[in-house]
C-alpha cells in the first residue's frame, strides 16, 4: 500500500542501538579478556582481569559503596516519588506550580547540581549546617568526613526524583476511575482504597521506577561523587564508575576497566530482565 | 525538503570550525589562569619567530585530570603534539612506547645541549638510559610566607637553616582565634597531606622513601626516621592544630586561606608564584624548608614531551626547542611560573628579578644541591595516590600514624608487584 | 474535620514541599550574590546584603564562558532537532507495524532505556576514537541517531498509535508517500509529543557532563558543564564564584523547562 515501508523509519533507531549499545557491549566483552593499555595492541589473557579484580580491595570497596548507596537512596526515592505523585495527583488550584517546583531539581544540570551541594553541605559555612547548628545540633562534616560523606550523597540524591514522579503520575492516570467509584460505593475509606486499589495497581510502575533507579544509580553517583568528593574521603564514596575511570585513565589498564564495565552491564541486564517479566503482558497497551 | 536542508547546513556548521594552516601543532598544559597566561605568551612569541607553525594551546586546570586526559587522548590515538608532563607521571607513557625519545633530537640541536641544563632536572627524564623529555624547570618545595602576619604576631621571618622546632614555634605563634569564638581564624600552616609533601620530611629526618631510586620495589617509610617524620608531619594537625582539619580544609582550602591572608605559611612549589603575584594583597616571600637531621628538598620538574602518535613531530620539536631555548625559558620564567632548568636563565634577571616577588627567589637555586627526587616508576601515580590516601587519613586523625605507614606500604606493594 | 481546615492544611503542606524542593536552587542563587573576597559567613545568612553581581562578570573574565554557552546552545539545538526527527520517525514507523512487531519493539525499547550509559562509556569512547570522532560534537550527538532515548520514541509511538490508521491510508490514496504522510499529517497531530520530547532532549544535551568530559579536548569546543568543572579545579573553595557558575549553567535549563513543563507534567491529561 505504502511506497515507503514503515521499517525504513525505524532504521536510524535500530542502527543507533546497534552502534551505540550492541557494538560497545561487544567491544567491552572482548577487551575484558585482554591486557590493553590503550596504546599497544590488546593481548588476550583469558580470565586474568576478573581474577585480579576479585582480589582488588578497591573493587570490593566500590561494590560495597554501590550497595550502600542503592539500599539507602532507592527506597527513599521511590517512597518520595510515590508520596508526591499521590499528593499532587488531583488537579487542584496551584497543582501546576507545585508539580513544577517538585520537578525543578531534576532539571538542574547534574554537574551544577553536584556543585551546589558542595556548598549547601559545606561543613563550616554552608546553609544546611548553619540551620542544624541554629537548632542546637552538632552537624556532621559531610563530604569532609568518611562517616557522613555517603549520607551527604544520599541526601543530595533525594531531590531530583522528577522522573519517578512523572512515571507514577502516568501510572495513576491509568487506573480506571470506575474502580474508585465502585470502592467508594462499597464504603471503603481513603486508606483502604490506597492499600487495596491504588498501590496494587501501581505496583508495576513502582517496580519499573525502582529498577530503573537502581540501574541509573551507577550513572548518577559518578557525576555527583566526581564533583563533590572525587571518591573520598578515604574511598567512602568510591563507586564502580570511578573505578572504571581510574583503571582506564590512571592505570591505563583498559582490560580491568572493561571487566568492571562488563560486570556492571551484566548486573544491569539481569535487573532489566526482571522488568521484562513484570511487563510481559504490556500494561502500556492502555495508552 | 527545506527542513532537512536546514539540518544539513546546521550539521555542517558543527564541523566547520577548523582552519588550515601550513603546519599546525597543539600544546597541552595544566595550571591556573595566571600560569596559562605565561604559556600563552610563550606561544605568541613562538608564533612571531615561526610564523609558519600554528600552535593551539590546550589547557587543563588540574594536574591529576591532565594526566587522565592525556591517557585518554593517547588511547584515542590523538594526543596533543607537545605535552608537559611531570617526572613522577611520564613513566607509564614511556613504558607503553607512547613517547618519542628526545635525546637524539637534543644531540642534533644547534640551539640547546644537555649540559646547558641542571643535571638534577634532566636525570629523572631518562627512561632506560634514554632521554624522553626536555625539562622546563627545576622547581622545589618551599615555604611561602605572609610577612605581614609574621610582623603582626611579632614572629621573626624564617631564618636560613631554621629547624623543625623553629618552624613549629612560628606556626603556633601564628595560629590564632581572632574573634574569640573558639574557632581558629588564622592558621600557621597550609600543607597538603600527600606523599610529595611528606617525602621531604622523611629525607630531612635522615630516612628514605623507596628502597632504590631507579629500581624501586617498595616504600620504606616505616623506618625509625620515617616514623619520626610522620609523627611530626601528622602532629602539625592532630596535636598542634596549626593546620586546618578536614572540615576546615573542605570549607575553604589552605591555598585560598593563604591568598586571602588568613594562613601564614603555605607549602608549594614555584608554581604558585604567578597566582600569588596577581592575587595576594600582602607582602610575601619564600623560605627554604625547615631542617631536621639534614637539609632536604624535593624536586618538582615538568618537561616537554612529544607523543609518538604526533603527526607533526618536526614542528613539535621546533616548538620544544624554542620553549627550552634561552629566549623561551626567559619568557616563562618572567611570569614567575618556573625555576628555569637552563642554568644560564636560572641565574639571569628573568628569574632573579629584584623587582618581582618573591624577593628571595635565590632560595630555589641555593637548595638545588639538597634536592631529592621521587623515583621514576610505571605505576608511580597509583603508588602516590594510594600512599597519599593513607597519609591523609592519619593527618586528619582518622587512624594512628603506625597504621597509616603500615597500610601505605602494604597497599602500594600491590603496584610494585604489578607487571 | 471541617473541609476548610483540611484545605488549608493541604495547601500549607503543599507549599512546604514545594519550598523544600526549591531550596537547593534558592541557596545556590543566594550564595552566588555574595560579594567576592569577603570572609566566609559565620552563622546563618541566607543572602548577603547588598547583593553583588560581580561574580557573574568575573567568570567571563577567567574563562571563555560566552564561548562555552554558545557551544552548549549549539549542541543542545542540534541534539533537539535530530532527536525530534529520529524519534518521531521511529515512533511513526513503529506505530505502523503489525501488533507482534510493535510489542517486540516496545520490549526492546524498555530494555534499551534501562541500560545506563556508564556501563558502556569506555568502549563507546574507544569506538569513537577509532573512527576519529573524538574532540568533535559528533560523539556527543551520536545518541540522537537513536532518538537520544528510547523513551522519546515511545512517547511518539503512543501518540501516533492513537491516530486512526485510516487517516494515514487516505493520505496515501491521495498520492502522498509515507515520508510526506509523516511530515504533513502525523507530525502536526503530535504537538504535545514534540514539545515533551523537545524539552527532555534539550535537557539531555544541555545537561550532559560525562560525554564532553570524555570526548572534548579543545577548549574552544567545551560546553558549560565542563567549563564549570574547570572553574572548580582552579579555585575549589571560592563558593560565590562557583555558585554563580552553577546558576549560569542552570538558568537556561530552568527557563526552557518553565516554558514547556506543561507538556511533560500533564502528559495525556487533556
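Brief remarks on what is shown
- The convex hull built on the alpha-carbon positions of the range A:22-104 has an orientation-averaged projected area of 9.5 nm².
- Compactness index (Cα Rg / 2.2 N^0.38 Å), the range A:43-162: 1.43
- Considering every alpha-carbon pair of chain B, the percent of pairs per 10 Å bin, from zero through the bin containing the longest distance, is 4, 21, 30, 25, 13, 5, 2, 0, 0.
- Computed over Cα pairs, the Kirkwood radius of chain A leads via Stokes-Einstein (1.567 mPa s, 4 °C) to a diffusion coefficient of 59 µm² per second.
- Average partner coverage of C:217-225, which counts Cβ from other chains inside 10 Å: 5
- The protein assembly as shown: antiparallel DSSP beta bridges as a percent of all, rounded to 5: 60 percent
- A crude spin-label estimate for the pair residue A:179 and residue A:197, with each label 7 Å from Cα along the Cβ direction, gives 0.9 nm.
- FRET efficiency for residue B:23 and residue C:60, using Cβ-Cβ distance with R0 set to 25 Å, rounded to 0.05: 0.15
- Normalising the average separation of contacting C-alpha pairs (under 8 angstrom, six or more residues apart) by the number of residues puts the relative contact order of the range A:56-286 at 27 percent.
- Principal axis extents of the Cα atoms in the range C:49-265, from largest to smallest and rounded to whole angstrom, are 65, 45, 29.
- Other protein chain Cβ atoms within 10 Å, averaged over every residue that makes up A:241-253: 6
- Among C:193, C:139, C:14, residue whose mean-square fluctuation peaks in a GNM of chain C (springs only between Cα atoms under 10 Å): C:14
- Value at 222 nm in deg cm²/dmol, rounded to 500, when DSSP H runs of n ≥ 4 in chain A each add -39,500 (n - 2.57): -21000 deg cm²/dmol
- Only alpha carbons enter this Debye calculation for the protein assembly as shown, each as an equal point scatterer, and the log10 of I(q)/I(0) it gives at q = 0.04, 0.05, 0.10 Å⁻¹ is -0.21, -0.33, -1.25.
- Measuring r between the beta carbons of residue B:355 and residue B:130 and using R0 = 35 Å, the FRET efficiency lands at 0.25.
- Each 10 Å bin from 0 upward holds the following percent of the Cα-Cα pairs of the range B:353-407: 20, 25, 26, 25, 5.
- Exposure proxy ranking, count of Cβ atoms within 10 Å, fewest first, for B:380, C:49: C:49, B:380
- Per-residue shielding of C:239-248, expressed as the average number of other chain Cβ atoms within 10 Å of the residue Cβ, stands at 4.
- If you take the Cα centroid of the range C:108-132 and the Cα centroid of the range A:22-47, the two points sit 15 Å apart.
- Taking chain A as a Gaussian network of alpha-carbon nodes connected by springs under 10 Å, the highest mean-square fluctuation of the residues A:139, A:160, A:91 belongs to A:91.
- Estimated from helical segments only, the mean residue ellipticity of chain C at 222 nm is -22500 deg cm²/dmol, where each DSSP H run of four or more residues counts as -39500 (n - 2.57).
- Centroid-to-centroid separation of the range C:66-96 and the range A:197-276 [C-alpha atoms, Å]: 26 Å
- At R0 = 41 Å, FRET efficiency that the Cβ-Cβ distance of residue B:152 and residue B:44 yields, to 0.05: 0.50
- Every helix of 4 or more DSSP H residues in chain B counts as -39500 (n - 2.57), and over all residues that averages to -13000 deg cm²/dmol at 222 nm.
- Highest mobility in the GNM of chain A, judged by mean-square fluctuation with C-alpha springs under 10 Å and restricted to A:212, A:133, A:230, is found for A:133.
Taken together, the values in this text are just the output of simple stated rules run on the coordinates, not laboratory data. Here the structure is a predicted model, which is why all the values come from computation and not from measurement. Using ideal geometry, Cβ is built from the backbone for each residue, glycine included, and neighbour counts are taken over all protein chains shown.
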